[in-house]
Amino acid sequence: QVQLAESGGGLVQPGGSLRLSCAASGDNFIIYTMGWYRQAPGKQRELVASITRNTSTVYADSVKGRFRISRDNPKKMVYLQMNGLKPEDTGVYYCDAGYGPYDYWGQGTQVTVSS
């Protein structure tokens, strides 16, 4: 089992940057595919980016070229560097750890992009 805690959200102007962090605790962090999801008001939760144990990455089309996901296995950390933020990036961002039938979520961190 793994516990996840996100941080780094906040209010930022359009065009600005934020770096989200996800701290994991528990065993076998390296085996998990880690992901960042977001949920905007009135919308379904959607995948933003994911990274496997081998650092293969997947990005939503809407964030390609602007966001970058990375992981630090010894520190049990996952990061989401967000550049060129747009108002449509606003939402609650969740960290996820998945392995086979197992799926663990953090409590989320709010990101608001507004002038």
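General observations
- Solvent-accessible area assigned to carbon and sulfur over segment 1-63 amounts to 45 percent, based on a 1.4 Å probe.
- Relative contact order of segment 1-99, taken over Cα pairs closer than 8 Å and 6 or more residues apart, is 36 percent.
- Using a Gaussian network model of the chain in which every pair of alpha carbons under 10 angstrom is joined by a spring, one finds that among Gly15, Gly42, Gly100 the greatest mean-square fluctuation is at Gly42.
- Interchain or long-range residues, amide H under 5 Å from Val48's placed H: Trp36, Tyr37, Arg38
- Relative counts (whole %) of C-alpha pair distances in segment 1-48, using bins that are 10 Å wide: 19, 44, 29, 8
- Those aspartates and glutamates that a straight Cα-Cα span of less than 19 Å connects to Lys43, excepting residues fewer than 8 apart in one chain: Asp61, Glu88, Asp89, Asp96
- A simple rule links phi to the HN-Hα coupling: the Karplus curve 6.51 cos²θ - 1.76 cosθ + 1.60 with θ = phi - 60°, which for segment 77-93 gives 10, 10, 10, 10, 8, 10, 10, x, 5, 10, x, 6, 7, 4, x, 8, 9 Hz, with x for Gly and Pro.
- For Phe67, distant residues with modelled amide H under 5 Å away: Asn83
- Accessible area per residue for the chain, computed on protein heavy atoms with a 1.4 Å probe, is 53 Å².
- Partner aspartates and glutamates whose Cα lies under 12 Å from the Cα of Lys86, excluding those fewer than 8 positions away in the same chain, are not found.
- When the chain is treated as a Gaussian network with alpha carbon springs shorter than 10 Å, the biggest mean-square fluctuation among Gly26, Gly35, Gly84 belongs to Gly26.
- With DNA, RNA and ligands ignored, accessible area of Asp72 (1.4 Å probe; Å², nearest 10): 40
The values are calculated or read from the model by the stated rules, or taken from the named source; none is laboratory data. On a predicted model such as this, the values are computed, not experimentally measured, just so you know. Surface accessibility is based on the protein's heavy atoms, side chains included, excluding ligands, DNA and RNA. Shrake-Rupley method; radii C 1.70, N 1.55, O 1.52, S 1.80 Å.
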